[in-house]
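Here is the structure we will look at, set down as structure tokens.
The values are calculated or read from the model by the stated rules, or taken from the named source; none is laboratory data. Note that the structure is a prediction, hence the values are computed from the model and not measured. Because the Cβ atoms are built from the backbone with ideal geometry, glycine has one as well, and the counts that use them run over all protein chains shown.
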Amino acid sequence: MSEQEYVPKSKVGKWFNDRLPLLTLGAHLTDYPTPKNLNYWWTFGGILTFCLITQIVTGIVLAMHYVAHADLAFASVEHIMRDVNYGWLIRYIHSNGASMFFLAVYIHIFRSLFYGSYKSPREVIWIIGLMIYLLMMAAAFMGYVLPWGQMSFWGATVITNLFSAIPLVGDSITTWLWGAYSVDNPTLNRFFSLHYLIPFLILGLVVLHIWALHVPGNNNPVGIDIKKPSKDTVPFHPYITIKDAFALLVFMIIFAGFVFFTPNVLGHSDNYIPANPLVTPAHIVPEWYLLPFYAILRSVPDKLGGVILMFSAIFILFVLPWLDTSKVRSAVFRPIYRQFFWILVIDVLMLGYVGAMPAEGIYLVLARVGTIYYFLHFIVVMPVVGYLEKTDPIPMSISEPVLTGGAEPSLARKVNDKV
Amino acid sequence: MIKSNIKLLVLSFLLLISLRPLQSAEMVDPIKVDWSFKGLTGTFDRASLQRGFQVYKEVCASCHSMQYLSYRNLGEPGGPEFSEQEVKAIAASFEIEDGPDSQGEMFTRPGKPSDKFKSPYPNVQAATAANGGAYPPDMSVLVKARKGGANYIYSVLVGYEDPPPGVTLDDGVYYNKYMVGNKIKMPNNLMDGLVEYADGTESTVDQMAKDVTTFLAWAAEPELEERHRTGVKVIIYLALLTTLVYLSMKKIWSRVDTEV
């Protein structure tokens, strides 16, 4: 990186920094040259960090009062809601926080898809991000099991049963996961343990994610490589910190709206019924953020096929940087791909919607069409469009006009207004 | 370009949402009641909560437990707010099993405000057996545990009807317009004048159903009033802070030629 070597002013600072260059790191983080044209879709990285910290802090407090036992878990959650000082607030922040976390991560992922942030040289950032996303799903799923309501129990039953589709060893694996012959107290216990562990794994990966980001630097809406530092960049502090703070506050207002005024709207009412292995709910549905994958799972008539397809839907994203053949990063300059991007957005929303509906009739048809398009998008559309598409002229720098047709006023600036 | 795409996105989403009625045609939507506790600043009607507790105690409590509530909750702010004396008297009217004592024996004593609501049956199995095989659900969080919440509970209470022709009911099963599946094992327990309200309110079925539903809504969300009050303050605070940060951001970014 082209930043000047940082030298602490005080003697003590210099002494310490020579032994552990924390001050150098701090200086790097504040001076970090950032493209000046980043739009608000770029503020979700900071928002996600806030979400993770919020979940960890509220989660640690909840764990002080929660009891991970099949006979006591439901009652301990009610104890938190009724008897712990501000327990209701802490729990509602935690439960709605999970939804807000996923809302932010989906925007973050689709931002990356639109602006080609996953492409060279940022493949490793993308892959670490996907690992974080996978761990988030695992943490969220196990967290939903902890209150030991009906949806907790039956959701856990459905998801763990997926592993029984594996040929030969499936049943053994499922029993091993359960620690019993069905979802039971040992399952709840281990899920609590893992639910507490995973956020710290995520935290470690977040450090790597940011580290990997700071090697090439941020992508930007124009998607071109920029000189750093230059007149195309601003120092991270105060420019990006204040902008991230503003976006975070807007996000927090929405978050607070859920927590204080409709704290249960994103959950399922059945989860306020204590778990009962003898009564199956009419419709077992996961939390909203897992619904698209649930739709893909159910769109296949064969259990093993469904499981394979569902996991493929996530793992295909890992090879995305190599499926996309376009040399141009930002979809702003890719008129054809841009259309397909929005079709993918609609497709995923539709899959999410049908995931919440019974798997029959029109919903099953929609789920199948949606699933097929999802895979076509990555396997066919991305390589082919990238190869055939005639992209729009790309500016030489964020501040300067486009390479061809210099008469045109700075396109980059127009782009910035649009997005 | 992007704008038209977003329009397309919104349109297709609306189309999807409009497909919903196809699915849930067989269920009757619950009656919409204008509860005082709805909305951003909703609060409970204190008198209604006290009457609702009376209905619960005299009618529901013979079958339905409320095991997560304590008698002290009845005197706490945001609830029925009975006086300390009233709460003590209510608690003392129940015989609570306690122990073991120093001899290892269980004994009964009058209830204290710190005791949990006494359950009508010792366990779920006993409750199920005594009620024709249908467990009368614990009502502590019932309003949160049913789709439709308070509206649904109220609707079921006033939704008893003669079965339509062609529907035959087994013994001990009743027809209810709003109950999921229309069949309910709880008989219609409310009839006009069933309880004598201490405050002189006329105890019609509708009044009792509203009062007890209000009581159950509070029981499920005893924090509701504090939550609403805190929420308004938090959002006002965040809005002010957001404005200040926005202005600071504009000021800071005025040094560069890019807009934020």
Can you tell me how many residues in region A:350-383 are without any contact (Cβ under 8 Å) to a residue 12 or more places away in the chain and either part of a helix (DSSP H, G or I) or surrounded by fewer than 17 Cβ atoms within 10 Å (Cβ to Cβ) (or both)?
9
Conditions: (1) more than 23 Å from A:A63 (Cα to Cα); (2) outside any helix (DSSP H, G or I). A:L130 meets all but one. Number of the miss?
(2)
Filter pass, A:R329 being among the basic types (K, R) and in a helix (DSSP H, G or I):
no
When you check A:F191 against the structure, is it surrounded by 15 or more Cβ atoms within 10 Å (Cβ to Cβ), in a helix (DSSP H, G or I) and out of contact with any Asp or Glu (no Cβ under 7 Å at 6 or more places or on another chain), yes or no?
yes
Select from region B:212-235 the residues that are facing chain A (nearest Cβ under 10 Å) and over 13 Å from the mean Cα position of the chain (by Cα) and list them in ascending order.
B:E226, B:R227, B:H228, B:R229, B:T230, B:G231, B:V232, B:K233, B:V234, B:I235
Does region B:151-173 include one or more residues that are at negative phi, buried (at least 18 other Cβ atoms within 10 Å of the Cβ), assigned to a loop (DSSP other than H, G, I, E, B) and in contact with a helix residue (DSSP H, G or I) (Cβ under 9 Å, 6 or more places away or on another chain)?
no
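Being within 16 Å of A:T262 (Cβ to Cβ) and without any contact (Cβ under 8 Å) to a residue 60 or more places away in the chain is the filter; apply it to region B:230-249 and report the residue that is surrounded by the fewest Cβ atoms within 10 Å (Cβ to Cβ).
Here the answer is B:T230.
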For region A:203-227, what are the residues that are in a helix (DSSP H, G or I) and under 20 Å from A:E123 (Cβ atoms)?
A:G204, A:L205, A:V206, A:V207, A:L208, A:H209, A:I210, A:W211, A:A212, A:L213, A:H214
Mind checking which residues of region B:40-91 are under 19 Å from B:I153 (Cα atoms), without any contact (Cβ under 8 Å) to a residue 60 or more places away in the chain and of a type in the set (G, A, S)?
B:A61, B:S62
Please specify each residue of region A:220-277 satisfying the condition of being facing chain B (nearest Cβ under 10 Å), surrounded by fewer than 17 Cβ atoms within 10 Å (Cβ to Cβ) and modelled with pLDDT under 95.
A:K231
So, in region B:100-142, how many residues would count as being within 14 Å of chain A (Cβ to nearest Cβ) and touching a residue at least 12 places away in the same chain (Cβ under 8 Å)?
16
Kindly establish whether B:I252 is closer than 27 Å to A:N85 by Cα, within 11 Å of chain A (Cβ to nearest Cβ) and of a type in the set (A, V, I, L, M, F, W, C).
no
Looking at region B:34-71 only, could you name the residues that are surrounded by fewer than 19 Cβ atoms within 10 Å (Cβ to Cβ) and assigned to a helix (DSSP H, G or I)?
B:R46, B:A47, B:K57, B:E58, B:A61, B:S62
Could you pull out the residue among A:I56, A:I47, A:I125, A:I60 that is surrounded by fewer than 20 Cβ atoms within 10 Å (Cβ to Cβ), within 18 Å of the chain's Cα centre (by Cα) and part of a helix (DSSP H, G or I)?
A:I56
